[in-house]
1. Give the stretch 155-169 a look and list any residue that's buried (at least 18 other Cβ atoms within 10 Å of the Cβ) and either in a helix (DSSP H, G or I) or at pLDDT below 75 (or both), or say none.
2. Run down 22, 48 and say which single residue is closer than 21 Å to residue 118 by Cβ and at pLDDT below 75.
3. Check residue 134 against each of (1) within 17 Å of residue 72 (Cα to Cα); (2) at pLDDT below 85; (3) in a helix (DSSP H, G or I) and name the one condition it does not meet.
4. Any idea which of (1) at pLDDT below 65; (2) part of a helix (DSSP H, G or I); (3) over 17 Å from the mean Cα position of the chain (by Cα) is the one residue 116 doesn't satisfy?
5. Within the stretch 244-262, can you find the residues that are within 15 Å of residue 209 (Cβ to Cβ) and within 24 Å of the chain's Cα centre (by Cα)?
6. What number of residues in the stretch 59-79 are modelled with pLDDT of 80 or more and more than 8 Å from the chain's Cα centre (by Cα)?
7. Looking only at the stretch 275-309, count how many residues are at pLDDT 90 or above and within 19 Å of residue 227 (Cα to Cα).
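The values are calculated or read from the model by the stated rules, or taken from the named source; none is laboratory data. Predicted model, so just to flag it, every value in this text is computed and none were measured. Neighbour counts are summed over all protein chains in view; Cβ atoms, including those assigned to glycine, are modelled from backbone coordinates with ideal geometry.
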């Protein structure tokens, strides 16, 4: 037994399993929602808009039988910016050395070229890794005929149905995954549900509120940087900068007479207080940084760490 194994040696037996499960799929298909449902607690932001998830985040599920590390990944898409390249690289990195893959599809829609492209990528990026196909939004299917037609493309893979919004099939999915994992210890305490720190979560919560309250290009053009995160005995003080790419976007985020930025702050503070279990003071400001999604230095500063270029 190595040093890491001995840390949690009292928490697992010889038949305990642990491993990494990458959750992949095209944009806006419900990956983050599924992970939140599995954990029974929100650890990843969600929105009905593509490319909400930008960074890898691990959700940790601990049961008596196993500890499963679910890696939430950005939606697979063709990148158009350096940020898009980062997101694509994050998916590829997440598929290295995984023990299993959960591929989530929107079964209410017929499989399309993006789905077929993902199937090809999985065969290249995760060869030999078992793939569990999760059919999300099955409650939206109009007829058994449509259901059968939508399943035809995936009939060679194992199919485990679930509903990320209602929780139906979650237990069955977890039980399907556990035997696919190797025998091993708990790598995290049983009560820990994410590997993300509070600064990261705070930035994501603020970004989520902006996504929900804005439209068109704004959600894709926003980045959030936490400038100060100080936990005091009676309150947590958080200062954040919201970055957009154009002056017109800044005006939209601030809103008429500052109403929208005030609403963003109120909604984010309320969720942060529930997360922290204590009072929070949140201050936000909005800045313009032209074309930040192609600014590699800035993206590194706010946590989008891209692979170094050869010779760089």
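1. At the first step, the residues of the stretch 155-169 found to be buried (at least 18 other Cβ atoms within 10 Å of the Cβ) are 162-164, 169.
Scanning the stretch 155-169 gives 162, 163, 164.
2. 48
3. (3)
4. (1)
5. 244, 253
6. Residues flagged as modelled with pLDDT of 80 or more and more than 8 Å from the chain's Cα centre (by Cα) within the stretch 59-79 amount to 12.
7. Selection size over the stretch 275-309: 11.
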